[in-house]
Amino acid sequence: MDKNNNNNLTRRSFIKTLGSGVLATAAVMTGCSGKKEQGAITYGGSTEILGEMTYRTHPTSGDKVSILGYGCMRWPQKKVKDENGKEQEIIDQDMVNELVDYAMAHGVNYYDTSPAYLRGKSEQSTGIALKRYPRESYYVATKLSNFSRSTWSREASIKMYHDSMRELQVDYIDYYLLHSLGNDYGNFEQRYVVNGMLDYLQEERREGRIRHLGFSFHGNNEAFDRYLKLHDEGTIHWDFIQIQMNYLDWKNSDAEYLYVQLEKRGIPVVIMEPLLGGRLSRVPDHIVRRLKTREPERSVASWAFRFAGTPKGVLSVLSGMTYMEHLQDNLASYSPLQPLTEEENEFLYDTAELIAKYPTIPCNDCKYCMPCPYGLDIPAILLHYNKCVNEGNIPKSRQDEGYAEMRRAFLVGYDRSVPKLRQADHCIGCNECVGHCPQRIRIPREMQRIDKYVESLKQETL
Amino acid sequence: MLKNIRRTLAILFAGLLTLMLLDFTGTLHAWLGWMAKVQFLPAVLALNVGVIVFLVLLTLIFGRVYCSVICPLGVFQDLVSWLAGKRKKNRFRHSKAINWLRYGMLALFVVAIVAGINSFVVLFAPYSAYGRMVSALLQPIYIGINNLLAQLAERMDSYAFYTFDVWMKSLPVLIVAIATFIVVAVLAWRGGRTWCNTICPVGTVLGFLSRFSWLKPVIDTDKCNGCGLCERNCKASCINSREHAIDYSRCVACMDCIDKCKRGAIKYARRTESPSKPMAAPSASDVHPSDNSRRAFLATAAAVAATAALKAEEKKVDGGLAEILDKKVPERQTPILPPGALTAKHFAQHCTACQLCVSACPNGVLRPATSLDRFMQPELSYERGYCRPECTRCSEVCPAGAIQPITREEKSSTQVGHAVWIRKNCIVLTDDVNCGNCQRHCPTGAIQMVPSDESNPRSRRIPVIDVERCIGCGACENLCPARPYSAIYVEGHLATKTI
């Protein structure tokens with residue numbers, strides 16, 4: 001968003017800019033007289049940390065949990081060459097340690113991971129970073145995942161549970177979740193009830209190796225009610241529940257209903273996707289203007305975090321902070337949290353309506369759909385499309401003003417964001433991905449729609 | 001003065017022509033395409049009467065200025081020769097024309113054109129030889145620099161530059177280009193315009209005409225003191241200073257002698273008296289394309305090294321993504337002609353294999369053929385992309401009329417081949433999944449999906465092809481998920497036709 005202005009650089013001005021950039025670099029290299037007093041680093045807003053982190057207390061265990069929780073799904077990656085000279089992405093452990101150090105120093109004590117995240121490497125990396133701190137100084141959350149049916153047996157499930165402890169280098173888990181319960185109740189029974197895992201985990205909770213048992217949820221209200229019914233009937237006590245909540249979903253996908261149900265029962269809520277994978281930070285220009293006009297010194301993202309943190313029943317708000325500036329920005333929003341007023345809430349609901357008008361695809365880049373067996377880079381395609389939507393680079397017709405520039409931005413950007421062989425035209429519609437998407441995006445349909453659009457741009461038949 | 005005009009024009013012409021040969025964005029051809037069209041052999045093959053008449057008249061008036069200004073290979077030799085002259089001044093001396101070789105070459109060349117031995121024709125056609133050198137040797141560097149700029153542009157969030165794949169289109173062509181480069185450069189380094197006056201068939205034809213040219217350098221015997229400076233600076237070795245004679249069949253009208261003469265004894269003017277026969281000066285040891293074997297070996301080695309480097313760069317697979325196998329070229333019984341070509345025969349006879357279309361193809365479809373009868377002439381293949389409906393670039397750039405100009409509309413109804421389905425590769429049957437990617441991407445709607453089991457209308461659907469509607473663009477082949485061999489591929493036709 002802060003780079004939008006440069007989109008329409010012509011070749012000439014590009015070379016000019018390049019030239020002046022080189023000159024500037026040279027000047028800095030030779031001069032070495034850069035200003036020292038730059039003030040606080042600003043990342044879309046003031047990151048000045050005003051005071052202490054806000055904590056919420058778990059009603060039964062008394063855990064004091066930081067309102068900012070660290071989502072470990074998006075640790076920074078780096079590219080390395082393996083022995084065959086092939087480039088691979090691995091987690092940048094040094095950077096992870098640095099981020100965790102900074103987070104711990106500023107009061108973040110809740111870390112949420114899963115055996116599925118980052119090609120299965122997140123737990124290990126998180127464990128390495130946390131191991132350097134006393135066990136009682138942090139709470140760790142992980143999950144019994146369900147993405148592959150081969151892990152659904154009792155043995156495989158217990159192994160997954162033990163593996164998590166080993167990878168995290170802990171002998172108890174503070175918050176344990178059934179991963180991504182959805183609309184298919186039959187699947188839930190198959191996965192957790194029939195194989196006795198639910199009983200097993202409750203036993204583990206009695207033994208103290210699991211301190212809190214809960215689940216994360218992606219589904220509709222009816223399904224949610226069924227899982228809560230288990231709680232109401234006393235079949236199982238849910239110590240906490242993780243839901244997707246943000247000001248866009250509050251009314252759109254009924255996060256309001258989910259939250260109210262939980263508050264009624266006094267079940268603490270952990271929030272995921274408060275920023276929709278960055279979609280509430282990368283918003284169209286006029287939304288930026290709207291939010292910034294009210295709070296010029298706060299980032300766009302800070303609104304989303306304050307929204308998610310304001311309800312009293314929220315225990316922690318998870319954010320997958322890949323970069324230090326994200327972490328600093330969120331710390332600024334939550335140290336301490338300034339709850340939104342009723343009027344500010346209304347302002348955000350109106351903003352949500354404006355954002356919803358933009359036909360972005362609700363992809364949060366969680367990568368649950370990956371790897372695609374036919375080699376597509378699904379999230380990269382969707383993110384590129386959304387970027388173009390937000391930047392206004394989706395021409396509707398050849399007569400549109402600035403059609404040629406928009407077309408170039410879309411097509412050149414597409415080849416940059418996604419290698420040709422991984423683009424939407426290679427989607428065969430096998431539907432392998434559909435079940436994995438927590439946002440229930442009909443991926444093959446979107447792929448074919450984007451492909452058609454790309455074709456109409458390439459052939460100029462728009 | 002005259003020399004400077006010649007040099008300025010030559011640098012301008014060769015520079016722009018090279019830029020056009022390098023261009024992969026399709027922007028320069030509109031402006032500079034004529035530079036390829038005024039080349040002699042392409043014009044002859046295209047039966048471009050206007051250009052031929054113009055070039056003949058040009059030569060009859062000014063001498064072989066074509067060789068000094070218009071022909072990029074000639075200018076390239078001048079460049080090499082100029083560099084060599086930096087090391088050693090006054091290095092040329094008069095030699096006798098090797099008539100048997102140059103007329104022999106011309107005769108062979110004409111016979112080859114008539115008999116359709118294209119590999120021989122394209123090997124010695126000067127513009128084609130230059131085009132190949134640029135396309136095979138210089139363009140990778142050019143695109144490399146472009147890609148560097150594109151990376152910078154990406155960091156600056158600018159769309160001014162975009163990356164373009166560098167890939168090895170054909171090893172034989174690379175080898176031929178390197179060999180040509182070495183032979184021409186060595187000859188030019190040692191003997192100036194030896195190539196043009198002994199091997200180049202265009203040079204021989206124009207040389208025959210330039211004997212009779214209206215304007216030519218003339219030695220004023222009254223002013224000449226016989227110092228021989230002109231002779232020792234004549235890169236065509238055609239001045240016999242002792243005899244005050246110039247062999248105008250070899251003179252390329254470079255004006256160097258006029259510039260060099262300290263006494264102003266040489267003028268670019270009408271010549272009145274007929275030249276006295278040049279003396280027999282037996283020292284013609286200029287032509288030495290002899291120890292080529294070692295060079296060819298080195299060239300091959302270099303080429304192989306280059307291929308290896310390219311391959312390593314191509315393999316870029318991210319960790320979290322499924323690996324994608326490279327597509328392999330299916331065995332086509334008939335090669336695929338570019339839309340705009342008429343028949344395989346017409347195409348073979350007119351194409352000079354200058355590689356202009358290959359360089360210009362934005363979809364990675366055109367590449368030089370390796371079979372002997374069509375050696376280095378382009379053919380289509382769809383592993384890297386397909387012949388996209390909106391693109392007519394090869395037909396726009398072809399200077400020789402081998403690919404005729406074609407509009408987008410004409411192209412969309414021009415059949416260059418037809419798709420063939422290969423049951424054993426189709427993932428619908430092998431992997432038991434729904435697909436239909438070929439059907440979705442067929443621009444003419446020639447593919448339909450039908451149940452694989454006739455008796456069960458709900459069985460998985462396989463593609464069937466209506467060859468009457470198929471134009472052979474290769475979208476199906478390129479986008480087929482079966483790898484390395486597609487389950488649907490295009491078989492070429494001997495003649496293109498409108499459907």
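The values are calculated or read from the model by the stated rules, or taken from the named source; none is laboratory data. Everything numeric in this text was worked out from a predicted model, so none of it was measured. In this analysis, Cβ positions are derived from the backbone assuming ideal geometry, glycine residues included, and neighbour counts consider all displayed protein chains.
Worth a mention:
- Taking the numbered list (1) in contact with a His (Cβ under 6 Å, 6 or more places away or on another chain); (2) among the aromatic types (Phe, Trp, Tyr); (3) not in a loop (DSSP other than H, G, I, E, B) in turn, residue A:307 passes all entries but (1).
- One residue stands out in the range B:407-432 among those that are in contact with a Pro (Cβ under 6 Å, 6 or more places away or on another chain) and of a type in the set (A, V, I, L, M): the one that is surrounded by the most Cβ atoms within 10 Å (Cβ to Cβ), namely B:416.
- Number of the condition not met by residue B:374 [criteria: (1) in contact with a strand residue (DSSP E or B) (Cβ under 8 Å, 6 or more places away or on another chain); (2) modelled with pLDDT under 90]: (1)
- Residue within the range B:63-81 that is out of contact with any Lys or Arg (no Cβ under 8 Å at 6 or more places or on another chain), crowded, with 18+ Cβ neighbours inside 10 Å, of a type in the set (Ser, Thr, Tyr) and part of a loop (DSSP other than H, G, I, E, B) present: no
- For the range B:465-493, the set of residues classified as away from every other protein chain (no Cβ under 14 Å) and either assigned to a loop (DSSP other than H, G, I, E, B) or at pLDDT below 90 (or both) consists of B:466, B:467, B:468, B:469, B:470, B:471, B:472, B:485, listed by residue number.
- Checked across the range B:120-130, the condition of being within 14 Å of chain A (Cβ to nearest Cβ), outside any helix (DSSP H, G or I) and in contact (Cβ under 8 Å) with a residue 40 or more places away in the chain holds for no residue.
- Candidates are the residues of the range B:114-147 that are among the hydroxyl-bearing types (Ser, Thr, Tyr) and under 15 Å from residue B:359 (Cβ atoms); the one that is surrounded by the fewest Cβ atoms within 10 Å (Cβ to Cβ) is B:142.
Conditions tested, residue by residue: (1) on the phi > 0 side of the Ramachandran plot; (2) surrounded by fewer than 21 Cβ atoms within 10 Å (Cβ to Cβ).
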{"position": "A:364", "(1), (2)": "no, no"}
{"position": "A:370", "(1), (2)": "no, yes"}
{"position": "A:387", "(1), (2)": "no, yes"}
{"position": "A:395", "(1), (2)": "no, no"}
{"position": "A:402", "(1), (2)": "yes, yes"}
{"position": "A:442", "(1), (2)": "no, yes"}
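- Being within 12 Å of chain A (Cβ to nearest Cβ), surrounded by fewer than 24 Cβ atoms within 10 Å (Cβ to Cβ) and under 32 Å from the mean Cα position of the chain (by Cα) is true of residue B:385.
- Within the range A:443-462, residues that are more than 9 Å from chain B (Cβ to nearest Cβ) and within 11 Å of residue A:410 (Cβ to Cβ) sit with their Cβ atoms under 8 Å from residues that are of a type in the set (Asp, Glu) and part of a helix (DSSP H, G or I), at 6+ positions apart or across chains, in these pairs: A:454/A:425.
- The range B:153-175 - residue that is at the interface with chain A (Cβ under 8 Å from one of its Cβ atoms) and part of a helix (DSSP H, G or I) and, of those, surrounded by the most Cβ atoms within 10 Å (Cβ to Cβ): B:153
- Residues located in the range A:367-391, provided they are within 14 Å of chain B (Cβ to nearest Cβ) and closer than 20 Å to residue A:248 by Cβ: A:368, A:379, A:387, A:388, A:390, A:391
- Residue B:150 passes every criterion in (1) surrounded by 19 or more Cβ atoms within 10 Å (Cβ to Cβ); (2) away from chain A (no Cβ under 14 Å); (3) part of a helix (DSSP H, G or I) apart from (2).
- Odd one out for residue B:11 among (1) within 30 Å of residue B:362 (Cα to Cα); (2) in contact (Cβ under 8 Å) with a residue 60 or more places away in the chain; (3) surrounded by 15 or more Cβ atoms within 10 Å (Cβ to Cβ): (3)
Residue by residue, here is whether (1) in a helix (DSSP H, G or I); (2) farther than 20 Å from residue A:97 by Cβ holds:
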| site | (1), (2) |
| --- | --- |
| A:115 | no, yes |
| A:125 | yes, no |
| A:132 | no, no |
| A:146 | no, yes |
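- Residues satisfying the stated conditions in the range A:76-112, i.e. at pLDDT below 95 and buried (at least 20 other Cβ atoms within 10 Å of the Cβ): A:91
- Only one of the listed residues (A:286, A:231) is modelled with pLDDT under 90 and either of a type in the set (Ser, Thr, Tyr) or assigned to a helix (DSSP H, G or I) (or both). That residue is A:286.
- Criterion (in contact (Cβ under 8 Å) with a residue 40 or more places away in the chain and crowded, with 21+ Cβ neighbours inside 10 Å) met by exactly one of A:374, A:358, A:349, A:323: A:374
- Among the residues making up the range B:201-239, those that are out of contact with any helix residue (DSSP H, G or I) (no Cβ under 9 Å at 6 or more places or on another chain) and in a loop (DSSP other than H, G, I, E, B) are B:211, B:220, B:221, B:222, B:223, B:225, B:226, B:227, B:228.
- Restricting the range A:48-82 to residues that are in a loop (DSSP other than H, G, I, E, B), of a type outside the set (Phe, Trp, Tyr) and within 21 Å of residue A:118 (Cα to Cα) leaves a set whose member that is nearest to the other protein chains (Cβ to nearest Cβ) is A:82.
- Failed item, numbered, when residue B:454 is tested on (1) touching a residue at least 12 places away in the same chain (Cβ under 8 Å); (2) away from chain A (no Cβ under 12 Å): (1)
- Residue match in the range A:119-137 (condition: touching a strand residue (DSSP E or B) at 6+ places or on another chain (Cβ under 7 Å), of a type in the set (Gly, Ala, Ser) and surrounded by fewer than 21 Cβ atoms within 10 Å (Cβ to Cβ)): no
- Taken over the range A:393-420, the criterion of being over 25 Å from the mean Cα position of the chain (by Cα) and in contact (Cβ under 8 Å) with a residue 60 or more places away in the chain is satisfied by A:395, A:396, A:397, A:398, A:402, A:405, A:409.
- Conditions (1) part of a helix (DSSP H, G or I); (2) within 9 Å of another protein chain (Cβ to nearest Cβ); (3) out of contact with any helix residue (DSSP H, G or I) (no Cβ under 7 Å at 6 or more places or on another chain); (4) not β-branched (Val, Ile, Thr); number of the one not met by residue A:430: (1)
- Test for residue A:364: is it more than 14 Å from chain B (Cβ to nearest Cβ), part of a loop (DSSP other than H, G, I, E, B) and either of a type outside the set (Phe, Trp, Tyr) or in contact with a Ser or Thr (Cβ under 9 Å, 6 or more places away or on another chain) (or both): yes
- Candidates A:297, A:256: the one that is part of a helix (DSSP H, G or I) and of a type outside the set (Phe, Trp, Tyr) is A:256.
- Selection from the range A:191-201 of residues that are more than 15 Å from residue A:227 (Cβ to Cβ) and surrounded by fewer than 18 Cβ atoms within 10 Å (Cβ to Cβ): A:194, A:196, A:199, A:200
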